[in-house]
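The values are calculated or read from the model by the stated rules, or taken from the named source; none is laboratory data. Since the model is a prediction, treat every value here as computed from it, not as a measurement. Here the Cβ positions follow ideal geometry from the backbone for every residue, glycine too, while neighbour counts run over all protein chains shown. Heavy atoms of the whole protein, side chains included, go into the accessibility calculation; ligands, DNA and RNA do not. Shrake-Rupley method; radii C 1.70, N 1.55, O 1.52, S 1.80 Å.
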Amino acid sequence: MLRAGPLVLAALASLAVPPAARALPAFARRFNLACGACHIAVPRLNAFGEEFHMNGFKPPGTMWAPLPGSWLERVKDGMAVWTRGEFYERSDFARGPSPRGSLAVPEHASIYVAGALTPSTSVFMELENTVHETDINKRGDFVNSDTGGIQKGFLMIDLPMLLGLHGGHAGHAGMHHDMGDMDGGMATMGEGLVGHGPMMMIGRVDPSTNFSYAVDRQIFHDVPADTSERGFLLRLGLQPYAFGAKFFGIFKRGDHTLLATEPTLYHAEAAPGVDIHGRLFASHLLYQVGFGSDAAPEFTDRFHTFTPYTMLRWDFGDEDGLNGSVSALGNYGRDAYRVFYLAPAPLPPIPLLRIVPEHRPPPPPGRGTIAAQRDLDVWREMLGANLRRGPWDLYGAYSHDQVFDVPDRLAGRFVRRAQGLTAEVDYRLTHGLLPSIRYDWMKAGGFKSDVVFEPGPRQSQVLHLQMRWYLFEGDDLARVPIPALLALSLRDSVNLTPGGSHPFGAWRNGVFLGFDLAF
């Protein structure tokens, strides 16, 4: 059941709020930019913001960045704090527990350090604490736990600048001119390869930041999975289905469960790896190649696997303000997932009194079984697109995943292919009001049934409606040390395929109140 009443009330109330200037903390302080220069709506980037990021956190078309006199000042000017999540939730389920609502601790709190360290090198680091991470304990129950550490941390190096191959240098005087000189959503370039790399990111990177639909810039917060007091999974995490693992009954290489909606591979929020991206001669075509070291890593995971990827993105735009991009991705994960199953117990060798060729009789009836495991390879192909004009921001992605090396013992019980689709529309109604709608569809693979997931629907469709209210966005952080962003959100997520006890269908809808606070 759609709960439109609260959304309407929020919309009417927010219309009375006067528009506010937009600003972001770290880069606003260093470059004296309003957040509207880089964001169509925080945290979504516009064309200029995408180029700002790809140019090593410097204005596109330039190689110059204001560098404070001391390293301490460089770190301080590049710091920001952001906390976000839901502080109230009310969920309805098809079968108990009957609707329940409660206050909750916001899921994420982060401290960022980002910006240019030298003309050729930039840094990005995110220290994050996350609550309500869902995992399986030793008894096989789903439990929630807290995690924390360095979520992202990488260096971005402008290779041509480091090697002295750029054709020209844009100084401070030219920076402000280039910032406003956009051609089709891309910065006008000078001679040589200015601002178009190739750029190399090395460390714990988030490669999907260059995709047409990035994982880490969601208007809708990711909502963690919901579990019962007895350790049963009631609802999978509410995350974009296109980025999810899409298979039931699989595990990470670290022997932790991997839920079907959890982002993996190229779309993992961060993983140790190397990424190279850039454009040649101000082309509209962005290339990206690289690899990660795990399908869905924890903060302290060891290197388990190898996930190389290739991505191409075509940017377009016109003089009327229409701009966007189309992306294509190919991503392979070697030994990325793991399955556990029961295999026949090996037979003991048969001692023979006479010297005859050794033989093995057929397995006797009632032969036992042992626990076995197998690592699986996975291939992901994906298309994504983004279209922006004025207050409109439309974006989506479709992915197709296939796993390999499934044990013969699981033939007929394990579905090897899966698909996911996510599409979203945001509209900046006023400076303070942003209504959004998102649709998720998944045709899942993996085990058809096992001890954890009962037989149920293999497909899921979810519709998300949200009203986001930007109460405050500071306009001059260089002189006024006040919060850069304070936003409230009211969200209704509706399950379009309810029914049964399977976590795809066991819930009906959830209403969430959330907030974002950055300074």
Quick check on region 133-152. Is at least one of its residues at pLDDT 75 or above and within 24 Å of the chain's Cα centre (by Cα)?
yes
Near pairs, Cβ below 7 angstrom, 6+ apart or cross-chain, from region 37-59 (free of Cβ contacts under 8 Å to residues at least 40 places away in the same chain and over 22 Å from His221 (Cβ atoms)) to any residue that is in a loop (DSSP other than H, G, I, E, B) and of a type in the set (A, V, I, L, M, F, W, C)
Phe52/Cys38
Take the residues in region 450-462 that are open to solvent by 40 Å² or more (accessible area, probe 1.4 Å) and assigned to a strand (DSSP E or B), then tell me which one is modelled with the highest pLDDT.
Gln461
Would you confirm whether or not region 467-484 contains a residue that is buried (at least 16 other Cβ atoms within 10 Å of the Cβ), of a type in the set (A, V, I, L, M) and modelled with pLDDT of 90 or more?
yes
Using beta carbons and a limit of 7 Å, which pairs, at least six apart or on different chains, have the first residue in region 206-224 and among the basic types (Lys, Arg) and the second one modelled with pLDDT of 90 or more?
none
Enumerate the pairs (first residue in region 277-297 and farther than 12 Å from Met200 by Cβ and open to solvent by less than 10 Å² (accessible area, probe 1.4 Å); second residue anywhere and among the basic types (Lys, Arg) and at pLDDT 90 or above) with beta-carbon separation below 9 Å, excluding pairs fewer than 6 apart on the same chain, so at least 6 apart or on different chains.
Leu286/Arg313
Going through region 422-449 one residue at a time, which ones are modelled with pLDDT of 90 or more and open to solvent by 60 Å² or more (accessible area, probe 1.4 Å)?
Tyr427, Leu429, Ile437, Tyr439, Lys443
Of (1) in contact (Cβ under 8 Å) with a residue 60 or more places away in the chain; (2) within 23 Å of the chain's Cα centre (by Cα), Phe447 satisfies every one except (2)
For region 184-214, give me the residue count where each residue is open to solvent by less than 30 Å² (accessible area, probe 1.4 Å), hydrophobic (A, V, I, L, M, F, W, C) and modelled with pLDDT under 85.
3
Answer with yes or no whether Thr257 is at pLDDT 70 or above, in contact with a helix residue (DSSP H, G or I) (Cβ under 7 Å, 6 or more places away or on another chain), polar (S, T, N, Q) and on the phi < 0 side of the Ramachandran plot.
no
Candidate set: region 49-101, residues that are among the acidic types (Asp, Glu) and surrounded by 14 or more Cβ atoms within 10 Å (Cβ to Cβ); chosen: the one modelled with the lowest pLDDT
Asp77
Name, by its number, the condition in (1) within 30 Å of Glu262 (Cα to Cα); (2) modelled with pLDDT under 90 that does not hold for Arg367.
(1)
Test for Arg374: is it touching an Asp or Glu at 6+ places or on another chain (Cβ under 9 Å), open to solvent by 80 Å² or more (accessible area, probe 1.4 Å), within 29 Å of Asp335 (Cα to Cα) and not aliphatic (A, V, I, L, M):
yes
Residues of region 318-329 that turn out to be open to solvent by less than 20 Å² (accessible area, probe 1.4 Å) and among the small types (Gly, Ala, Ser), as a count:
3
